[in-house]
Every structure is written in C-alpha cells, then in structure tokens.
Amino acid sequence: MIPPATPPPAVPLRNHDLAELRRLDVAHHLAPQQDWQALEDMGGSRIIVRGEGCNIIDGDGMRLLDGMAGLWCVNVGYGRSELAEAAYNQMLELPYYNSFFKTVAPPTVTLAAKLAGLLGGHFSHIFFNSSGSEAIDTLIRIVRHYWQVLGQPQRQVIISRTNGYHGSTIAGMSLGGMASMHTQGGPLLPGIVHVMQPYKFAEGFDESEDAFAARAAQAVEDAILAAGPENVAAFIGEPVQGAGGVIIPPAGYWPRVEAICRKYGILLCCDEVICGFGRLGQWFGHQHYGFTPDLVTMAKGLSSGYLPISAVGVADFIVAAIKSNPDDFVHGYTYSGHPTAAAVALKNLEIIEREDLIRRTREDTGPYLAQCLADLAGHRLVGEARSLGLIGAVEIVAEPGTNRRFGSREGGGGKAGIVLRDICIANGLMVRGVKDSIVMSPPLIISHAEIDRIVDTISAALDAAEPVLRDL
C-alpha cells in the first residue's frame, strides 16, 4: 500500500471553523450527484478552500493536483486575477441587465461575435444560457421550432446515444442515455431515441476499428429508418463522451454519422460542453473530427468555470427560417447573455489565445499525456489507456488482454473505478471514477511534471488497489 501524501500546514479558514462548515454541509446543503445518506455518514463533504494553477487545497491543508479541471472546465487553471478583474470591472459598470426588452450589454454582443468567428462556417448566431443543461434545453426548443416553422411539426424525434450525457434537467437527462438517471424523476421527455455508443473497448472488443465504426454509425441510420425519416428532427452526440467514461469514437465514425444525417435531411447537433475550448487540441471537438454540425452547445471551458455561462451556436439557415416566422421565439432565461459572465468569458478566451493553449494541447501536452498513458497500458490491471488532447481514461480489467471486469463473473463489476479514485485522492490526485475506469481532464496549463505525477499516482494506486479488486 502506498503511503498517503503528507499534507502541508493547514490554511486558516475565513469566517468559519472547518468542523462547523462540515456540520452545516450535512445540515443544510444538498450536494449534486451524491448519495446524501452516505455523505452524512462520512461527516460531510471535503471543504475546498483555495485553488492555485492546477491544484486545489482543502480545509485540512491537503494539496491535490486537480486531474479533472474542476468538472471538465477550469481550462486556464485556478487563481487567474485577470478573470476576477474582468468580473469586478464589469460589475462596477453594469453588473446585470436582461436581453428580453430589445436590449443587450456590450460584452454579450462582443462574445457572440467572437464565438461565431471561432465556430466559423455557417454559424452566424449565438444564444446564451447559464449552464450546459440549459443549453441543451435551448437546442431542443430551437430544433423542434425550426421544423414547425418549415411546416413539418411531426419532426419531433431526436436521436441520442446510450451512455451519452447531456445534462441533468428533465430534458437533458432524457436526451442523455444514462440509465441511472432515467430511473429517477418520472416520465422522460417524449420523442427521444437512443442508439449504441461508439465504445469499442466495451462493445466492439474483437472487431476492427473500421468495422466497429461502421456498425455504430449504422445504428443511427437504423434508428432513423425505424422512426421514419419524416419524423426525425436531429441527431446529437458529444465528440468524445466525457461523463460516460471518455469514450473516444473510432476513426471514421463521425464522417459516417454526418453523411447519414445529410442523406435524410436531419439536423446534426454537437454537444461541446466538455470538448469545447481546447480540450481536444482544437477550439471545438467537431473541428478535430472534421465534421460540420448545425447546432453546437457549449459551456464549462467558455469561462473556465469562473462564472456560469453557456451558449448555443446556431447555423445561419436555421436562424433565417425562424426569422421568417412573424412570431417571437418564446424562449429565454433571466441570465441569458449575463454581461458579467460574458466579460469573464471574453477574458478567458483571450488568455487561451495569448498563451497558445490550444496548440500546446494539440502538439505538446496532449501527445505527452498519450505517451505516458501508453507506458501505463502495460500494467497487468489496465485493459486500455486512451486519450485525445487533454482528456483520457484508464480501463481497469481483471485479466490482461481482455475486457473482463472485476466482479463480473458474479454479475457485479462497475466498482473498480471508485476504488482507484479513492486511493488516488488519498494520495493527492483528484480524478473521477466511472464504473470500471478512471477518467481525467486536467487544466490546459498542466506541465509535463504534473502529467508525470498523474500517471505515476494512478500506477501506484493500481498496485495498492489490486488486493481489494481481487476480492470484489
């Protein structure tokens, strides 16, 4: 067993005692995506008090390398005074005003123009929201309204993928393909059809990459034909499925899916909430894969998580169709185009450009992460170690050369990632466990030495976890 990392001296807390914060957390705070009883049993959440560069520091003074960039989002790292100053200056000038009353703030307009330029092609307009989930709701509304305006209101079906993640609202979790989410919260949004995910390690282990890409894409066409092409509005997918376990599609998958969408005249939608703003080594994931969507959702890296903001990029022909309708598009949020969030997002994009973080991810740190993970792939418990840009995953298996999971012979499985995650966190590395894998998406400012630390910590954690895993 590897010893826990020695924490530095505790950082004094402001305003509250650490024990009191944990008591208040249990007494009053309902945490997202948690077993609330289990959280109470452990005495409350870990209290995170500070962030510096690629590191977070908790209330006990423990410093953790943040291998998840918060929640796939802190692309420029923590402690950026420029972003705080951008928020401060905008709040002094105009902290907030709405965009409902034929009014708009300067940062909102400037950010819309900037994003349209980064998207390029036929993307002329941007609709702003506050979260990725809201962006997905907006996309659904735009897609279905577009077809109504064109006189085809029966086009309601939207095709998504099993194990895809598109947010936690009723619409978002309905569109997503997470089975655990579908069992909670009552009826799902109608008109959503799910098809197989392009997860070769789990669902096409013995197939060639091209054969599996063809089969996964064919599932999309089969779903269109089953629903009737005249009833299908759109297909949506993440370039790389993030929360589903960093599912990197095989070569040839996305071009095939795009061709199918064009063949049947349905809209192609791309959820870039995780992959956008440099994560894959391009501004957007679809640019890496070379396909052209009609609508794009984005959030997270848009502001590097410093303030809540999201957006939907909308193709010019969709905007033109909706403008042809004399009625208002009756959709929007109080904080759509929030001027302070927009100002921070603009400064964040400026930092990404100035520090050349996208090229660095594509040509330097991304390849270096891939190289380090390739070394890890030789470990006896690793079935596959994959990455693209600065997003990656390590698949944990019970038998080398297979995709057999620990506990799978007894009908179990799906627990190895959590075991590894907890050991990594105890040793100063924040990663996420997804079923039988460890996933990572560090800040784009990460150094080679910090990448070494990520991979070395995971390697040592695999050794330490093996006795526990063998007992599953």
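The values are calculated or read from the model by the stated rules, or taken from the named source; none is laboratory data. What you are looking at is a predicted structure, and each value in this text was computed from that prediction instead of being measured. Don't worry about glycine lacking a Cβ; one is built from the backbone with ideal geometry, like all the others, and counts go over all protein chains shown.
Kindly provide the set of residues from region 291-328 that are closer than 16 Å to residue 127 by Cα and either at pLDDT below 95 or not assigned by TED's automatic domain parsing to the domain that holds residue 101 (or both), ordered by number.
328
Taking the condition of being surrounded by fewer than 20 Cβ atoms within 10 Å (Cβ to Cβ) and in a helix (DSSP H, G or I), how many residues in region 355-366 meet it?
Summing the residues that are surrounded by fewer than 20 Cβ atoms within 10 Å (Cβ to Cβ) and in a helix (DSSP H, G or I) in region 355-366 gives 5.
Name the residue, out of 369, 302, that is more than 30 Å from residue 94 (Cα to Cα) and crowded, with 22+ Cβ neighbours inside 10 Å.
Every option except 369 fails the conditions.
What is the one condition in (1) farther than 29 Å from residue 364 by Cα; (2) in contact with a strand residue (DSSP E or B) (Cβ under 7 Å, 6 or more places away or on another chain) that residue 341 does not satisfy?
Condition not satisfied by residue 341: (2).
Just to check your reading of the model, which residue among 280, 225 is more than 30 Å from residue 360 (Cα to Cα) and modelled with pLDDT of 95 or more?
One residue alone meets the criteria, 225.
State all residues of region 107-124 that are crowded, with 19+ Cβ neighbours inside 10 Å and either of a type in the set (Phe, Trp, Tyr) or over 22 Å from the mean Cα position of the chain (by Cα) (or both); if no residue qualifies, say none.
107, 108, 123
Could you look through region 448-472, keep only residues that are farther than 19 Å from residue 436 by Cβ and touching a helix residue (DSSP H, G or I) at 6+ places or on another chain (Cβ under 7 Å), and pick out the one that is surrounded by the most Cβ atoms within 10 Å (Cβ to Cβ)?
Ranking the qualifying residues of region 448-472, first place goes to 451.
Among what's in region 265-277 and is crowded, with 24+ Cβ neighbours inside 10 Å and over 11 Å from the mean Cα position of the chain (by Cα), pick the residue that is farthest from residue 156 (Cα to Cα).
277
Tell me which residues, restricted to region 283-310, are within 20 Å of residue 105 (Cα to Cα) and touching a helix residue (DSSP H, G or I) at 6+ places or on another chain (Cβ under 6 Å).
The answer is 299, 302, 303, 306, 307, 309, 310.
Can you report the number of residues in region 229-255 which are part of a helix (DSSP H, G or I) and crowded, with 18+ Cβ neighbours inside 10 Å?
2
If only one of 155, 161 is modelled with pLDDT of 95 or more, charged (D, E, K, R), closer than 25 Å to residue 231 by Cβ and within 17 Å of the chain's Cα centre (by Cα), which one is it?
Residue meeting the stated conditions: 161.
Do any helices (runs of 4 or more DSSP H) lying entirely in region 149-220 carry at least 1 residues that are out of contact with any strand residue (DSSP E or B) (no Cβ under 6 Å at 6 or more places or on another chain), acidic (Asp, Glu) and free of Cβ contacts under 8 Å to residues at least 60 places away in the same chain, and which ones are they?
The helices (runs of 4 or more DSSP H) meeting that bar are 200-203.
How many residues does region 381-401 contain that are over 17 Å from residue 361 (Cα atoms) and either part of a strand (DSSP E or B) or touching a residue at least 24 places away in the same chain (Cβ under 8 Å) (or both)?
Of the residues in region 381-401, 10 are over 17 Å from residue 361 (Cα atoms) and either part of a strand (DSSP E or B) or touching a residue at least 24 places away in the same chain (Cβ under 8 Å) (or both).
Of the conditions (1) buried (at least 22 other Cβ atoms within 10 Å of the Cβ); (2) touching an Asp or Glu at 6+ places or on another chain (Cβ under 8 Å); (3) not in a helix (DSSP H, G or I), residue 136 satisfies every one except a single condition; which number is it?
(3)
Only one of (1) in a helix (DSSP H, G or I); (2) in contact (Cβ under 8 Å) with a residue 12 or more places away in the chain; (3) outside the structural domain of residue 100 (by TED's automatic domain parsing) is not met by residue 371, so which one is it?
(2)
I'd like the full set of residues that are part of a loop (DSSP other than H, G, I, E, B) and without any contact (Cβ under 8 Å) to a residue 40 or more places away in the chain, limited to region 74-106.
If the condition is that a residue be part of a loop (DSSP other than H, G, I, E, B) and without any contact (Cβ under 8 Å) to a residue 40 or more places away in the chain, then 79, 101, 102, 103 are the ones that fit.
Collect the residues in region 20-73 that are hydrophobic (A, V, I, L, M, F, W, C), assigned to a loop (DSSP other than H, G, I, E, B) and surrounded by 18 or more Cβ atoms within 10 Å (Cβ to Cβ), keeping them in residue-number order.
Passing the criteria: 54, 62, 68, 73.
Considering only residues of region 416-447 that are more than 20 Å from the chain's Cα centre (by Cα) and among the small types (Gly, Ala, Ser), which is surrounded by the most Cβ atoms within 10 Å (Cβ to Cβ)?
Looking at the filtered set, the residue picked out is 416.
I'd like the full set of residues that are within 18 Å of residue 299 (Cα to Cα) and not hydroxyl-bearing (Ser, Thr, Tyr), limited to region 164-194.
Listed by number, the residues that qualify are 164, 166, 167, 171, 172, 173, 175, 176.
Which one of these does residue 293 not meet: (1) free of Cβ contacts under 8 Å to residues at least 40 places away in the same chain; (2) more than 13 Å from residue 236 (Cβ to Cβ); (3) not polar (S, T, N, Q)?
Answer for residue 293: the failing condition is (2).
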